[in-house]
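Below is one structure, written out as structure tokens; comments come after it.
The values are calculated or read from the model by the stated rules, or taken from the named source; none is laboratory data. Not measured: the values here are computed from a predicted model. Note: ideal-geometry Cβ built from the backbone for every residue, glycine included; neighbour counts use all protein chains shown. What goes into the accessible areas is simple: the full protein's heavy atoms, side chains included, and nothing from ligands, DNA or RNA. Shrake-Rupley method; radii C 1.70, N 1.55, O 1.52, S 1.80 Å.
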Amino acid sequence: DSHIGVSQRIEDEAGRKVLRERLQQLLPPEESGGYIIRTMAWISVLGKTGAVNTVLMSIGLIDEPLKMLYNDFSVVMGLVYFLVPYMIINVYVSLDGIDRNLEASARTLGCSPWQTFREVTLPLSLPGLGAGCMLCFVLAAGSYVTPRLLGGPDTLFFPDLIYEAIISQLDWPTG
């Protein structure tokens, strides 16, 4: 019986290692340049002659380039690309801290994998999910570069309002 427990523990650790490696693959490499360089790379991806439009036109899905740059869509894409690693790290740390014996106990008591996730894993991972959401909100609210580079002059986001209040109006309390 103790051999079963040991083999289960080894399988759990191997599964965690695979999960850790897959999550690390989702994170952009640090050598990929700074934040501004990576944000500007979206211009060549989403532009009229960018990668997305070129592929869509070459396979015949569209006849003329889509306007995917200098609008809300491009800003959201840039922010998601920038912020997803921060969310992944928070959720991973939260999931990694959950004792696997709790999940095994739930399965032993008759829970399906979905019930185990809903009743054990999800409630215990909510602090990490909440921390990730708060961190991403704060970073998005303070990100002035992405809306300026990808949104164009007509796109107005929260950081633009802060800049306008502080710099143009000299209204520090509002900013």
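For segment 112-153, which residues satisfy the criterion of being open to solvent by 40 Å² or more (accessible area, probe 1.4 Å), in contact with a helix residue (DSSP H, G or I) (Cβ under 8 Å, 6 or more places away or on another chain) and in a loop (DSSP other than H, G, I, E, B)?
Answer for segment 112-153, where residues must be open to solvent by 40 Å² or more (accessible area, probe 1.4 Å), in contact with a helix residue (DSSP H, G or I) (Cβ under 8 Å, 6 or more places away or on another chain) and in a loop (DSSP other than H, G, I, E, B): Gly142, Tyr144.
Out of Val80, Val75, I need the residue that is farther than 22 Å from Lys17 by Cβ and touching a Pro at 6+ places or on another chain (Cβ under 9 Å). Which one?
Being farther than 22 Å from Lys17 by Cβ and touching a Pro at 6+ places or on another chain (Cβ under 9 Å) holds for just one of Val80, Val75, which is Val75.
Of the residues in segment 85-101, how many are open to solvent by 60 Å² or more (accessible area, probe 1.4 Å) and part of a helix (DSSP H, G or I)?
Residues flagged as open to solvent by 60 Å² or more (accessible area, probe 1.4 Å) and part of a helix (DSSP H, G or I) within segment 85-101 amount to 4.
For segment 19-39: of the residues being of a type in the set (A, V, I, L, M) and surrounded by 10 or more Cβ atoms within 10 Å (Cβ to Cβ), which is modelled with the highest pLDDT?
Among residues in segment 19-39 that are of a type in the set (A, V, I, L, M) and surrounded by 10 or more Cβ atoms within 10 Å (Cβ to Cβ), the one modelled with the highest pLDDT is Ile36.
Run Ala140 past the list (1) more than 25 Å from the chain's Cα centre (by Cα); (2) within 25 Å of Tyr81 (Cβ to Cβ) and report the number of the one that doesn't hold.
(1)
Look through segment 63-84, keep the residues that are among the hydroxyl-bearing types (Ser, Thr, Tyr) and open to solvent by 40 Å² or more (accessible area, probe 1.4 Å), and return whichever of them is nearest to the chain's Cα centre (by Cα).
Tyr81
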